[in-house]
Amino acid sequence: MEKIKIFLVDDEAIILKGLETTYSWDKMGAVVVGTSRNPRKAVDEILEKRPDIVITDIRMKQMTGLDLIQEVNGRAEKKCLWIVISAYRDFEYAQKACELGAFTYLLKPIEDSKLEEAVQSAAKTIRQTRKSSRILQDYEHFIENNKKVFENYMVGKFSGDQIGRTAGSAGTLWWKKSGCFLLPGCLYGLCESL
């Protein structure tokens, strides 16, 4: 399983070091790809390293975590999930973080179990998104490579009983009036209303 890439941002050296070394990132299926005490510098590092998750403090001297989220999200090709940490129980910060798309908001001192739960939940979301994206790409590739088969199927669907077998670049395709397509290792069903 591919490791989830994490980037850490906190202007307090002791907090940043604690985040980096205290947690068993490997056991969570993650790896820390970078850290920064300066959120302004972190922007370019995040854009370069393209982490899956960024864990950031909300109140920092050079730039707030909220500004960091806005800056990176505005420039990044690949969006990441944000876990925001704060020592402040300020509803406005939490609300703004959510508006900017933060995955979760955790209060300092961070409970180990809460951070691990947040990272694992974010990782699960990332993996599900990747899986859905791969399925969609496979489906689009299949459609693109078998346009003629689909055209024949649609003509047959609306003009009578057409059952056949077509060999295409994706392998052997069986199609029939019921709307089921069978590829080696895959089954795609289309509803009867087509």
Taking the Cα centre of the range 91-152 as the origin, how large is its charge dipole in debye, to the nearest 20, when only Lys and Arg (+1) and Asp and Glu (-1) carry charge on their Cβ atoms? 180 debye
When each of K3/K61; K17/K41; K79/K148; K5/K131; K79/K114 is checked by Cα-Cα distance, pairs over 25 Å: K3/K61; K79/K148
At 1.567 mPa s and 4 °C, Stokes diffusion of the range 7-66 via Kirkwood alpha-carbon radius, µm² per second: 111 µm²/s
How large a share of the accessible area of the range 1-117, in percent, is made up of carbon and sulfur atoms when the probe is 1.4 Å and the other protein chains stay in place? 47 percent
Just how large is the dipole of the range 57-133 about the Cα centre, in debye to the nearest 20, putting +1 at every Lys and Arg Cβ and -1 at every Asp and Glu Cβ? 340 debye
Given the Cα-Cα distance of N145 and K114 and 0.36 nm per residue of separation, how much length would full extension add, in nm? 6.5 nm
Would you rank D57, D26 by solvent-accessible area, highest first, keeping every protein chain in place and using a 1.4 Å probe? D26, D57
With the contact rule set at Cα under 8 Å and sequence spacing of 6 or more, what percent relative contact order holds for the range 1-88? 32 percent
What does the C-alpha gyration tensor say about the overall shape of the range 1-137? Classify as rounded when a/c is under 1.5, otherwise prolate if a/b is larger than b/c, or oblate. rounded
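The values are calculated or read from the model by the stated rules, or taken from the named source; none is laboratory data. Worth saying up front: this structure is predicted, and the values here are computed from it rather than measured. Positions of Cβ are backbone-derived with ideal geometry, glycine not excepted, and every protein chain shown enters the neighbour counts. When the accessible area is computed, the model is the full protein with side chains, heavy atoms only, and any ligands, DNA or RNA have been set aside. Shrake-Rupley method; radii C 1.70, N 1.55, O 1.52, S 1.80 Å.
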